[in-house]
């Protein structure tokens, strides 16, 4: 099972508060835009500008056509009622688009849903609601909405051109949603359908590369399964024939010869039902015994078998706060997983390219799957993160970045989550060790070249640093005169040479800068000032993106840099007089 990515893009609250602080500037910009708009003589020109703006946010502003309703009006009364209904739908849709553009995706969904209650066969509404669900990581709902679009399109109610355009968006968005829930085969199938419609679309090509990379990773794990038959004899049962109750019952009957692979299969296929049955059968106690036993038969094979307990645990806990709390409180789960990770690190002795690193990653992901705020607070309160985590896990794994990128990325994702709350005790550890951390970060930035394989590592790295910057003491450290200038050289080198195919990384780097300037602290770092003075020339390139978050963050940073323009000039003049 490919473990989920639980990255926290950056502190949204800090971003919103940062926008509030820049409110006057942004209001001036908005007023200028409104003033220009009023001077336009043509209503069609205004509509074109609005459509162009909304296109950048990947949502449609096309009006609801009367033909979408497919009901011929038989009299003037029906005509008026239908006209009023369409006007109401347009009004709700416009409100939804406004909420979407302001990143209020939940309220946008409410508006689109109300509109869909009035007219069910308008694909624009389904597509807009789907992208809103995606923004909230509600991927199953997005899949349902995209499937509805394809169902309507196949009924032939729309023109061929509109049908193709809507189908392309539906296939691509559904593919992305499948990708995020680790359904890689389904994702690839949808991407291929999208590319049949538009073979030159760069976004689809990029997603295809990411999906194929994950499929290759899955294939590598499946190849390792061939060793399973040499470890535990089992009757081969086709996946479709597996019954989770029988498998779980047999799991306990086998005692010391547990069939971990079949248990994982049924837990993965029937997550909610199998997890509940596993719970009723006291399965978590048995699983913990297996994890604690450190079975040499499993680990000496260095194959997928060693990872199965961690992956079963992930299936068991996924999206279930009750099970997560039980694991932490009743079974001391945090200590269990940390000690398991420490034991595996000792076993592998930091050798390069050992398959046991995949096992360590799966146990880190088992911790990182618990992202609910209450559960996360329980994890953070464990004293092990103040005593052992940094020296015995964080630093050793971070030093493996060249040979074990996926493992390092998972560690940074966990560290970002642990740092998300400003009162988290581990933040104190990271602050006290910040100089050491920055040296390690610089080493990574110097040696890791941006490509598809390394992009997730860099995303998680800057996301981790962004989460640190929600606190003033970290911001002051990064802005100080003696802060390591090599960090900013490497940071801006990546930013200035950014290919727009790496939109997620661009989002994170721009968010890092917004968090850095959150309280408008004075900048003492000369290297940072130097880099910021030339940054605006790259904004035009970034503005080619259609990603709403990127465009929003560019506007915020442009406003900040405009405010500081005279200050930067003054600093530069003082420097020349020295």
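For every residue, the table says whether it meets (1) closer than 29 Å to residue 502 by Cα; (2) in a helix (DSSP H, G or I); (3) modelled with pLDDT under 85.
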position	(1), (2), (3)
527	yes, yes, no
532	yes, yes, no
539	yes, yes, no
545	yes, no, no
549	yes, yes, no
554	yes, yes, no
558	yes, yes, no
572	no, yes, yes
575	no, yes, yes
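Checking each residue in region 416-452 for being surrounded by fewer than 14 Cβ atoms within 10 Å (Cβ to Cβ) and in contact with a helix residue (DSSP H, G or I) (Cβ under 7 Å, 6 or more places away or on another chain) picks out 446, 452.
Quick test of your reading of the structure: residue 220 fulfils all but one of (1) at pLDDT 85 or above; (2) closer than 24 Å to residue 452 by Cα. Name the failing condition by number. Here residue 220 clears every test but (1). With (1) not assigned by TED's automatic domain parsing to the domain that holds residue 336; (2) not in a helix (DSSP H, G or I) as the list, and residue 392 as the residue in question, which single condition is left unmet? Among (1) not assigned by TED's automatic domain parsing to the domain that holds residue 336; (2) not in a helix (DSSP H, G or I), residue 392 violates only (2).
Can you find a residue in region 423-441 that is part of a helix (DSSP H, G or I), closer than 21 Å to residue 507 by Cβ and either touching a strand residue (DSSP E or B) at 6+ places or on another chain (Cβ under 9 Å) or in contact (Cβ under 8 Å) with a residue 24 or more places away in the chain (or both)? Yes, region 423-441 has at least one match.
Within region 104-126, the residues that satisfy the criterion of being farther than 17 Å from residue 170 by Cα and in a loop (DSSP other than H, G, I, E, B) are 104, 119.
Filter the helices (runs of 4 or more DSSP H) completely within region 455-510 down to those with at least 3 residues that are surrounded by fewer than 17 Cβ atoms within 10 Å (Cβ to Cβ), touching a residue at least 40 places away in the same chain (Cβ under 8 Å) and in contact with a helix residue (DSSP H, G or I) (Cβ under 8 Å, 6 or more places away or on another chain). Write out each step before concluding.
On the way: elements: 455-468, 472-479, 485-496.
In region 455-510, 485-496 are the helices (runs of 4 or more DSSP H) which contain 3 or more residues that are surrounded by fewer than 17 Cβ atoms within 10 Å (Cβ to Cβ), touching a residue at least 40 places away in the same chain (Cβ under 8 Å) and in contact with a helix residue (DSSP H, G or I) (Cβ under 8 Å, 6 or more places away or on another chain).
May I ask you to verify whether residue 356 is in contact with a helix residue (DSSP H, G or I) (Cβ under 8 Å, 6 or more places away or on another chain) and either modelled with pLDDT of 85 or more or closer than 16 Å to residue 425 by Cβ (or both)?
Considered against the rule, which asks whether it is in contact with a helix residue (DSSP H, G or I) (Cβ under 8 Å, 6 or more places away or on another chain) and either modelled with pLDDT of 85 or more or closer than 16 Å to residue 425 by Cβ (or both), residue 356 comes out as no.
In the condition set (1) within 18 Å of residue 546 (Cα to Cα); (2) crowded, with 24+ Cβ neighbours inside 10 Å, residue 134 is compliant with all but (2). When 177, 103, 142, 153 are checked against the criterion of being over 22 Å from residue 208 (Cβ atoms) and assigned by TED's automatic domain parsing to the domain that holds residue 199, 103 stands alone in meeting it.
Would you check if residue 176 is surrounded by 19 or more Cβ atoms within 10 Å (Cβ to Cβ), touching a helix residue (DSSP H, G or I) at 6+ places or on another chain (Cβ under 7 Å) and under 30 Å from residue 216 (Cα atoms)? Lay out the reasoning, then the answer.
Details: surrounded by 19 or more Cβ atoms within 10 Å (Cβ to Cβ): yes; touching a helix residue (DSSP H, G or I) at 6+ places or on another chain (Cβ under 7 Å): yes; under 30 Å from residue 216 (Cα atoms): yes.
When the stated conditions are applied, residue 176 passes them.
Residue 361 fulfils the conditions (1) under 16 Å from residue 403 (Cβ atoms); (2) modelled with pLDDT under 90; (3) touching a helix residue (DSSP H, G or I) at 6+ places or on another chain (Cβ under 9 Å) except for a single criterion, (2).
Quick grid of which residues meet (1) at pLDDT 95 or above; (2) more than 27 Å from residue 206 (Cα to Cα):
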site: 379; (1), (2): no, yes
site: 382; (1), (2): no, yes
site: 394; (1), (2): yes, yes
site: 430; (1), (2): yes, yes
site: 433; (1), (2): yes, yes
site: 442; (1), (2): yes, yes
site: 450; (1), (2): no, no
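Here is a yes/no grid of residues against (1) modelled with pLDDT under 80; (2) in the same structural domain as residue 383 (by TED's automatic domain parsing); (3) within 30 Å of residue 399 (Cα to Cα); (4) not in a helix (DSSP H, G or I):
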position	(1), (2), (3), (4)
267	yes, yes, no, no
285	no, yes, no, no
314	no, yes, yes, no
326	no, yes, no, no
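The values are calculated or read from the model by the stated rules, or taken from the named source; none is laboratory data. Computed from a predicted model, the values in this text were never measured in an experiment. Using ideal geometry, Cβ is built from the backbone for each residue, glycine included, and neighbour counts are taken over all protein chains shown.
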